[in-house]
1. More than 31 angstrom separation, counting every C-alpha pair in chain A; what % is that?
2. Using C-alpha positions alone, give me the convex hull volume of chain B per residue in cubic angstrom.
3. Each residue of segment B:71-77 in turn: what ³J(HN,Hα) in whole Hz from Karplus with 6.51, -1.76, 1.60 and θ = phi - 60°, glycine and Pro shown as x?
4. Calculated from DSSP H runs of 4 or more alone, at -39500 (n - 2.57) each and per residue, what is the 222 nm mean residue ellipticity of chain B, nearest 500?
5. Averaged per residue, what accessible area in Å² does the protein assembly as shown show with a 1.4 Å probe, protein chains only?
6. Taking amide H positions as placed in the peptide plane 1.01 Å from N, state which residues far from A:LEU349 in sequence (5 or more) or on other chains have amide H under 5 Å from it.
7. What Kirkwood radius, in Å to one decimal, follows from the Cα pairs of the protein assembly as shown?
8. Can you give me the long-range amide H partners of A:VAL235? Hydrogens built in the peptide plane at 1.01 Å from N, cutoff under 5 Å, separation of 5 or more residues or another chain.
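The values are calculated or read from the model by the stated rules, or taken from the named source; none is laboratory data. Fair warning: this is a prediction, and the values are worked out from it, not measured in the lab. Backbone-built Cβ (ideal geometry, glycine too); neighbour counts: all protein chains shown. Keep in mind that these areas ignore ligands, DNA and RNA; they rest on the heavy atoms of the full protein, side chains included. Shrake-Rupley method; radii C 1.70, N 1.55, O 1.52, S 1.80 Å.
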Amino acid sequence: MKRKRVLNILIAVLILVLTLAFLEKLLMPKYMTEILEGALISEYYKEEYKEHDVIFIGDCEVYENFSPVKLWEEYGIRSFIRGSAQQLIWQSYYLLEETLKYEKPGVVVFNVLSMKYGKPQKEAYNRMALDGMPLSLSKLKSIKASMLPDEEFITYIFPILRYHSRWDELSREDIEYVFRKRKITHNGYLMRVDVKPLDTVPRAKILPNYRFDDICYEYLDKMVNLCKKNNIELVLIKAPTLYPHWYDEWDEKIKEYARENNLLYYNFLDYIDEIGIDFSTDTYDAGLHLNLSGAEKLSVYFGKILKENFNLTDYRNDDEVRKIWERKKVFYYSMKEDQYKELETYGYLKSYNIRREESEMN
Amino acid sequence: MLFTSYNFIAFLLILFIVYYSIPKKYQWVLLLAANFVFYSFSGWDNVVFITVTIISTYISSTKISNLYSGQASFLKENKGMLSREERKAYKDSIKRKQKLLLIICLLFNLGILAVLKYTNFVIYNINNVMGMFTNVELPFLNLLLPMGISFYTFQSMGYIMDVYRGKYPAEKNIGKFALFVSFFPQLIQGPISRFDDLSKTLFKEHDLDFKNISFGIQRILWGFFKKLVIADRILTAVNTITGDPDNYQGIFVFIGMIFYAIQLYADFTGGIDITIGIAQVLGIKVQENFIRPYFSKSIKEYWRRWHISMGTWFRDYVFYSVSVSQFMMNISKKSRRKLGEKIGKRVPVYLSTITVWFATGIWHGSSWNFIVWGLLNGLIIIVSQECEPFYAWFHKKFNIGHTFLFRLFQVARTFLLMCSLRILDCYRNVGISFRMFCSMFTNWNFSQVFSGKMLEIGLKKSDYYVLLAGVIILIWVSLIQRKGSVREKLSLKSEFVHYAVYIILIVAIITFGAYGIGYDSNQFIYNQF
């Protein structure tokens, strides 16, 4: 009798857990249209081939501005971008820490824009950076570092506690992608082929001071140490986007830090002409992010730097690796073609439902 | 630590596991420690206040009790040696000492409550009066109101009065007494327990009992359902309507008052369900505080079924004390002499009633709206009592007293009357409350209900569906309850049904509960009392 009761309880608990797990899947945002940025982080874990020479980490300045497929085509470099919208430096650090559990890249490229944020900014960005990570110690530490005062830790462990109220806004997208999401990035690169030329760059605000927060340095130090410990070359970059404004004072501080720590630092804003970026054709949001054309130009330029500075193998002659990357290329070019077709037909990227205010995501 | 916080749920889980893992003789000690852990979450300053109440009440009640036992042994030792007058004189002297101890303890503890809760109300009124003559204003004080102070003060004062009246001897173990005063599930919003009732199970050693645990968990889940799915969802609409009296008048006052009735019921009874459920999981029996009050056919009956522990507390410790006081005796004599036996004998009863309702009003909050609310309740009860012979005649004459429709009318009338009185609670301002009440009859804007304005009060269509379903379930459960415990009935069903109920409740609470970011985190309404 007692055994039967225990068994019944266990079955009931199992049914409850399965029901809640299903509801969680159903209620969590899928990020398959409109705000695609929320789907970036989780794509890495579905990647079968987790062997990369270069890992990019950072915010939109990496996932919108570098094309791993181009790096492969031009230099045979295998790369992946672990970026998310307004990824904060501690999120980048913990994401890197976690990535290193899966693989050991030769080079890690970190975009330094997030040094300007010493505090968590917005729950939505936290969610995009954290919800896609599987449960791990790194994730727990990242949650703890990222939470805003009105957020609850447990809601990151059981996201249904955060998204429970979405039941009345479920759409076809939620049903369609409840168990399986479609792939939307190219090794973390979010493709956009549309063009919105640069008109005017907003004037930079004068700041009360140009110090980076101590916490940012703390995590940058951690990142440096983590890379050293794992024999990884860390490269600091600042993507060539015109705003949010990157102040000269900030640039000096990063240069000084790079010098002190013997790191490569490239502020691509200083190389715009050399790269060949033309903000009348190479940006989809008037200078905030690069489009495919700009990203490919930047990738070609940066790939050369990587090749010259680090001993990166060209894998294009490796049949096994080439096969994998050929598949990626097919997906890359078919999406490129699709996007151009849509632009021609509708004047905007219809199936990507991208008509929103681009400045929301940075 | 709010009942609906994740911290509290974690706290409960740990407590339940440890409680049944340690030797049973230490269970009450663990509970005492848990009380202080729970209480310390609201700030260590608060712990000081409750500790002062515990110590002062313990010392006074022990002394009162010792005087009783001293008196008993003295009288036993001197049996037959004392004349009747000497015995009476001795007893009177003991009673005087006990009374002195009682009064000191009452004044001290009720004084703390009064100072913390009512000082600013007094200053507000002084400023209003002074404002008529000068521009000088007394500054308000920044006083801390410890969590649940009204509840634990009333509970401990009830205890000492019982000891004084010789109902039971004082508890000798200060730890156990502290546990009684600070028992955490009821610390926030009651019920106000009696020592002789709660101590029967509070200090006992408890075995792990499947029935207690399953019944307790069911009750907790039901409480969470009421609180999170109904009360906290409707809260936004209530706040929107009552927060903007210029914009929401007429029919919206009516809607607001009905919504508030639903919110208050779901919130308060939900909290009590959680309290009783937690206690039951621990093997402790806490008294019921509600018996389907919205099914009452009169205000008097309503108050016998709503917040029962508070009503009986005021009846036992205020009403009886006031009505048998020397002052009231004198009034009784005078009124009988001047107004005749029939009317005169009612005067002290009604004066005591008014006193009780004044106290009930001010207990609910230190503002005039609560005082007026309390007094109006008392007034309606007195008027209904006076009209009872007429009602009886009317019912007999037209033979309608026992028809279903008439009973339904009585229930609806009582419900609407209580809702109307609660407008004072909604708007927290006597003037606005009366203006809003009148607007229900003068501002005919019924058409606005269908013009989309109902979707501007913080509720979407989907919220209305959830609320409708929630309220239907609430009424349905209440109807079943009339024929006995729902959980007992459920226990007779197959295990499949039990577990289905658990799963449905948990899923409903998690999915349809109004909690987390996007919802106002809302304390239980009765926390503030």
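1. 36
2. 217
3. So the Karplus estimates, Gly and Pro as x, are 5, 4, 6, 5, 5, 5, 4 Hz.
4. So the helix-based figure for chain B works out to -23000 deg cm²/dmol.
5. Per-residue accessible area for the protein assembly as shown comes out at 48 Å².
6. Amide H neighbours of A:LEU349, under 5 Å, 5+ apart: A:ILE354.
7. Value: 33.0 Å, from the Cα pair sum.
8. Here A:VAL108, A:VAL109, A:PHE110 satisfy the definition.
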